[in-house]
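K.L.:
Sending over a structure as structure tokens; questions will come in a sec.
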Amino acid sequence: MIILHAVISIALIVLLIIKVKVDPIIALMVGSLYMGIAGGLGLVNTVTTIAEGFGNIMVDVGLLIGFGVLIGSLLNSMGALEKTVQLLFRVAGPKRLPYVMAATLNLFFPSIYPDVQLVLASPLARSSAEKLGKNGLGIMAGALVVGIPVGVVLVVPGLGSVSIAGLLGIPLGTMLLCGVIVAPLIALVSLFIYSLLLRRGWWKTEQDEQTGFALAAEEQLGREAAEKYGDKLPPLGVSLLPVLTPILLVGGGAIARTFGVENPIVDFLSEPLLAMFIGLVLAMILAKTSVGSETRDTAIKKGLDTTGNILLITGLGGSLAAVIKATALGDVLKNLFAADAGINVFAAIALAWVIAVVLHVAIGSINVAAIAAAGIIGPVVAGLGVSPLVIAVAIASGALFAVHFNSNFFWMFQSLLGVTTRGALKSMTFLTALASTIGLLVAFGLALVLR
């Protein structure tokens, strides 16, 4: 019954947003209340869990989101994003730009917290979309979808990939080699298929895009800065220091820990919150020295306007996830999918994928689903008659399936990209389901050559 109530809760949110046109904030609250009460948490405990879930997700990502959005707004004020887009266009060209961005996020930034990646990459994706013409935002949104989550679960030192490797007894070097081949394959094939659908009318600008006033104002500020200050703006490399510095600090620390380097200074500087704060301070200094205090303060105000809505939606996404977890759904799934020894190799792969799919759809966290699925399969992986590496790809792929309403990442994506809930479903939810399915097919293929 718990699984049924989880399905009803998600369906209720979908209907309220898509059919009744209720604001996502209200829909998430209604869905969370239903799930908690129907799931047996009780009236008071349901409300308490909702509040705790909101608070917990804010502890994890609240300041990261705030700092990241302010960095993006300040970069806009200096015209940095405009310059970056122009550079990418010169190097990659408009047709290859989405694929270059997806592969770059896949391979080079999996160690960065996914929410941080999304916050930093979204302004660039929006700015690039304007130059791609029709379906520009649709294809750039797709690039972020396949670029960030796929890398996190498949490429070391991403949290999901490292955890899966550890639970299944796979050497990190082997997991890394597999990930740098498999992750771009899954991401780029998924993005190509998605682009074909876009050409056939999958994306409807009037229904799927809804750039809020604050986002539009930030982007206009960037265009005005590029025109007004021109050569007075800092060089592109200097302008991007507020983004590159957190990436280098957090990524360097993650890589150091992966190879067993333990140092309190490294740990301190690689904390995502501190790294993002350092990036924000750099952005404020650069903005003041290049465009002046007035423009800098305007950029900060517009960034704060954007942040409020994002934090509310993200927090309530965390509330829904907390309510679902409080119903002990994970234990139910573990008993439901108890693995039997001696099953067919392809059935074993499919089973690992299904476990991860169900966990992710129910829980709403890619990393948690991947870790939980690996924990369930890990004790019996030796008896499944297939390479643990193949099972790792199956689990990672399953954990990607259909990012939706109970994921704070979904709501951050919807707000930061300036797409409607319908647009987020048609990009984030659809593409992660597609990438997950392609990943399962890749796992089947690997099973033919790895034993």
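The values are calculated or read from the model by the stated rules, or taken from the named source; none is laboratory data. The model shown is predicted, which means the values in this text are computed figures rather than measured ones. So basically every Cβ, Gly included, is an ideal-geometry build from the backbone, and we count neighbours across all protein chains shown. Just so you know, the surface numbers come from the protein's heavy atoms only, side chains and all, with ligands and any DNA or RNA stripped out. Shrake-Rupley method; radii C 1.70, N 1.55, O 1.52, S 1.80 Å.
K.L.:
Give the residue list of chymotrypsin sites (Phe, Trp or Tyr not before Pro) in the stretch 229-295 that are DSSP loop and have at most 12 other beta-carbon atoms within 10 angstrom. Numbers along the way, then the final one.
P.N.:
On the way: sites: TYR229, PHE259, PHE268, PHE277; in loops: PHE259.
Here the chymotrypsin sites (Phe, Trp or Tyr not before Pro) that fit, given the DSSP loop and packing criteria, are PHE259.
K.L.:
Can you list, bin by bin at 20 Å, the percent of alpha carbon pairs in the chain, starting at 0?
P.N.:
Here the calculated profile for the chain is 26, 58, 16, 0.
K.L.:
Taking a probe of 1.4 Å, how large is the accessible area per residue of the chain, in Å²?
P.N.:
Values: 17910 Å² over 451 residues.
Using a 1.4 Å probe on heavy atoms only, each residue of the chain averages 40 Å².
K.L.:
Determine the share of the stretch 1-159's accessible area contributed by carbon and sulfur atoms, expressed in whole percent, with a 1.4 angstrom probe. Don't skip to the end; give the middle numbers.
P.N.:
On the way: 4210 of 5910 Å².
That fraction is 71 percent.
K.L.:
Still on this structure, I have one more. Please work out how much accessible surface GLU209 shows to a 1.4 Å probe, ignoring ligands, DNA and RNA, in Å² rounded to 10.
P.N.:
Answer for GLU209: close to 50 Å² accessible.
K.L.:
Could you give me the radius of gyration and the Dmax of the stretch 1-138, taking only the C-alpha atoms into account and expressing both in angstrom?
P.N.:
For the stretch 1-138, the Cα radius of gyration and maximum Cα-Cα distance read 19.9, 59 Å.
K.L.:
Within the accessible area of the stretch 252-304, what % is carbon and sulfur when the probe is 1.4 Å and the other protein chains stay in place?
P.N.:
Details: 2070 of 2980 Å².
Answer for the stretch 252-304 is 69 percent, counting heavy atoms of protein chains only.
K.L.:
Can you give the relative contact order of the chain as a percent, counting alpha carbon pairs under 8 Å and 6+ residues apart? Mind showing how you got there, number by number?
P.N.:
Working: 739 pairs, mean separation 109.7, N = 451.
Worked out over the chain, it gives 24 percent.
K.L.:
Still on this model: Give me the tail of P(r) for the stretch 349-434 as a percent: Cα-Cα pairs with distance above 22 Å. Intermediate results must be reported in sequence, preceding the final value.
P.N.:
On the way: 1094 of 3655 pairs.
In whole percent, the long-distance tail amounts to 30.
K.L.:
Of LYS21/LYS426; LYS19/LYS134; LYS21/LYS301, which pairs sit farther than 19 Å apart, going by alpha carbon to alpha carbon? Mind dumping the intermediate values first?
P.N.:
On the way: LYS21/LYS426 17 Å; LYS19/LYS134 26 Å; LYS21/LYS301 29 Å.
Pairs exceeding the cut-off: LYS19/LYS134; LYS21/LYS301.
K.L.:
Hey, if we sort LEU282, LEU118, LEU441 by accessible area with the 1.4 Å probe, largest down, what's the order? Please report the intermediate quantities before stating the final value.
P.N.:
Numbers: LEU282 55, LEU118 0, LEU441 110 Å².
Output order, biggest surface exposure first: LEU441, LEU282, LEU118.
K.L.:
Could you pull out every residue, at least 5 positions away or on a different chain, whose amide H is within less than 5 Å of the one on GLU209? Hs are placed 1.01 Å off N in the peptide plane, and Pro or chain starts have none.
P.N.:
Excluding prolines and chain starts, which carry no amide H, the hits are THR420.
K.L.:
For the stretch 10-96, run through the trypsin sites (Lys or Arg not before Pro) and keep only the ones in DSSP coil with at most 13 other Cβ atoms within 10 Å of their Cβ.
P.N.:
Details: sites: LYS19, LYS21, LYS83, ARG90, LYS95, ARG96; in loops: LYS19, LYS21, LYS95, ARG96.
When the trypsin sites (Lys or Arg not before Pro) of the stretch 10-96 are filtered for loop state and at most 13 Cβ neighbours within 10 Å, LYS19, LYS21, LYS95, ARG96 remain.
K.L.:
What is the helix-to-structure angle for 136-154, meaning the angle in degrees between its Cα long axis and the longest Cα principal axis of the chain, kept from 0 to 90 and rounded to the nearest 10?
P.N.:
Relative to the chain, helix 136-154 is tipped by roughly 50 degrees.
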